[in-house]
Amino acid sequence: MLITKAYKFRLYPNQKQQELINKTIGCSRYVYNQMLYNKINNSNLSRFDLNKEIPKLYKEHPFLKEVDSTALRCAVKDLMDGFNLYYKGKIEIPHYKKKGIKTSYRTNYITSTYKGTKYSNIELDLERKIIKLPKLKEIKVKGYRNLKSLPGRIINATIERIANKYYVSLCEEEEINLPEKKEISVVGIDVGVKSLVVTSDGETYGNPRYLSKYEKKIKGLSKGLARKQKDSKNYYKGKLKLQEVYRKLGNARKKKIEEIISKIIPLS
């Protein structure tokens, strides 16, 4: 059976790579917003039509040539995927993207062959802890210490900035063998806010104290952010601190939930 699976790694880009990642995020957002404007003014435009507009933008804004061109086309695809869901009545009409703290862009995996040698724009070397990404070249990564290589075929990569941290998520296709069906007991698990985990058997796992510590920090930083002038430098700094605490809280909750589930599964 063929499945898609994502592997997330922490990125450690140097100063120039950080600047290029931030620039690519900004350019992808700009292209998305520009194509959204075109689509709103002419609903008959297709994804192919919008992609044809990108070379015109290169002439008007040469800085777009500095970033990964595939990322710009992915922004157009995301926009059209949003419109397709809107036409089906599943979501509201796509809206313009604003500059924010948590941002990302996606680029597709592309291969080519030259003189019998195969080349690819995304390469991961887990032994050297290095990943090669379009325009960025080699960047140090951290994660999945027990893996020597990814088992499947890479489809795309999403580069994300959360506060002042950078990550890459590799989406790939993997072939798995499903085990034979066996009669097992089943337990439902609900991940909540008031109680961290609640099972269908009525067993409750509360929030540890260290999670409450993060929640108190979020409450205090949120109040401080509300008192700052919006879009000012201090507002941006406050938002950055708040996002960092949210990141730590998310990681702590995820780790604790995994610990609880690992205890529940053998008993179920």
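For the range 79-100, enumerate the residues that are aromatic (F, W, Y) and within 25 Å of K230 (Cβ to Cβ). Even if it seems obvious, please write down each step before you answer.
Just the residues of the range 79-100 that are aromatic (F, W, Y), to begin with: 83, 86-87, 96.
Residue satisfying the conditions is Y96 alone.
Which one of these does Y236 not meet: (1) over 19 Å from the mean Cα position of the chain (by Cα); (2) part of a helix (DSSP H, G or I); (3) at pLDDT 85 or above?
The number of the failed condition is (3).
Results for (1) crowded, with 18+ Cβ neighbours inside 10 Å; (2) over 23 Å from A157 (Cα atoms); (3) among the β-branched types (V, I, T), shown as yes or no for each residue.
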residue: L50; (1), (2), (3): yes, no, no
residue: Y58; (1), (2), (3): no, yes, no
residue: K65; (1), (2), (3): no, no, no
residue: L72; (1), (2), (3): yes, no, no
residue: K77; (1), (2), (3): no, no, no
residue: G89; (1), (2), (3): no, yes, no
residue: E92; (1), (2), (3): no, yes, no
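Which residue pairs have Cβ atoms closer than 7 Å, lie 6 or more positions apart in sequence or on different chains, and pair a first residue in the range 159-178 that is outside the structural domain of S149 (by TED's automatic domain parsing) with a second residue that is of a type in the set (S, T, N, Q)?
Within 7 Å, no pair qualifies.
Say we look at the range 55-96 and pick out the residues that are among the aliphatic types (A, V, I, L, M) and either modelled with pLDDT under 95 or more than 13 Å from R29 (Cα to Cα) (or both); which of these is farthest from the chain's Cα centre (by Cα)? Give the derivation first.
Restricting attention to the range 55-96, the residues satisfying the condition of being among the aliphatic types (A, V, I, L, M) are 57, 64, 67, 71-72, 75-76, 79-80, 85, 91, 93.
Narrowing further to those that are either modelled with pLDDT under 95 or more than 13 Å from R29 (Cα to Cα) (or both): 57, 80, 85, 91, 93.
Details: L57: 26, M80: 19, L85: 20, I91: 20, I93: 22 Å.
Top of the filtered list is L57.
Would you pick out the residues in the range 111-141 that are assigned to a loop (DSSP other than H, G, I, E, B) and in contact (Cβ under 8 Å) with a residue 40 or more places away in the chain? Talk me through it step by step, then tell me what you get.
As a first pass, look at the range 111-141 and keep what is assigned to a loop (DSSP other than H, G, I, E, B): 115-116, 121-122, 126-129, 134-136.
Residues satisfying the conditions are N121, I122, P134, K135, L136.
With the structure loaded, tell me whether Y96 is surrounded by fewer than 18 Cβ atoms within 10 Å (Cβ to Cβ) and part of a helix (DSSP H, G or I) or whether it fails that test.
Working: surrounded by fewer than 18 Cβ atoms within 10 Å (Cβ to Cβ): yes; part of a helix (DSSP H, G or I): no.
No.
Considering only residues that are β-branched (V, I, T) and either in a loop (DSSP other than H, G, I, E, B) or in contact with a His (Cβ under 6 Å, 6 or more places away or on another chain) (or both), which ones fall in the range 99-110? Break it down stepwise before answering.
Taking the range 99-110 as the starting set, the residues that turn out to be β-branched (V, I, T) are 101, 103, 107, 110.
Across the range 99-110, the qualifying residues are I101, I110.
Looking only at residues that are in contact with a helix residue (DSSP H, G or I) (Cβ under 6 Å, 6 or more places away or on another chain) and polar (S, T, N, Q) in the range 100-146, which one is farthest from C171 (Cα to Cα)?
T103
The values are calculated or read from the model by the stated rules, or taken from the named source; none is laboratory data. Not measured: the values here are computed from a predicted model. Every residue, glycine as well, gets a Cβ built from its backbone with ideal geometry; the counts of neighbours run over all protein chains shown.
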